[in-house]
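Below is one structure, written out as structure tokens, with a few remarks after it.
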């Protein structure tokens with residue numbers, strides 16, 4: 001995420017952040033943030049798990 005986009009999100013409420021991320025494109029929506037109606041600790045934990053798995057499986061994968 002660019003610092004410009006991060007600055008736009010700032011401390012805005014979830015619905016405002018959702019709109020900003022939606023207009024920024026699906027690349028910023030890994031985990032379906034834009035499709036959520038709320039953003040509770042359960043959704044945050046689920047997305048964190050998804051990002052960690054993707055990082056492990058795709059980003060930090062070492063050749064065998």
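For the chain, what does -39500 (n - 2.57) per DSSP helix run (n ≥ 4), summed and divided by total residues, give at 222 nm, in deg cm²/dmol to the nearest 500?
My calculation for the chain gives -15000 deg cm²/dmol from helical runs alone.
Rounded, prolate or oblate: pick one for the chain, where a ≥ b ≥ c are the square roots of the eigenvalues of its C-alpha gyration tensor, a/c under 1.5 means rounded, and failing that, prolate if a/b is larger than b/c, else oblate.
Prolate.
Say R0 is 22 Å: what FRET efficiency, to the nearest 0.05, do residue 1 and residue 35 get from their beta-carbon distance?
Rounded to the nearest 0.05, the efficiency is 0.75.
Can you tell me, using C-alpha contacts under 8 Å and at least 6 residues apart, the relative contact order of the range 3-59 as a whole percent?
It rounds to 25 percent for the range 3-59.
Taking the Cα atoms only, what angle lies between the long axis of helix 14-24 and the longest principal axis of the chain, rounded to 10 degrees?
The angle comes out near 70 degrees.
Using only the alpha-carbon atoms, how far is helix 41-54 inclined from the longest principal axis of the chain? Give it as 0 to 90 degrees, nearest 10.
Tilt of helix 41-54: around 40 degrees.
Computed from the coordinates by the stated procedures, all read-outs in this text should not be read as laboratory data. All values derive from a computational prediction rather than experimental measurement. As a convention, Cβ positions derive from the backbone with ideal geometry for all residues, glycine included, and neighbour counts pool all protein chains shown.
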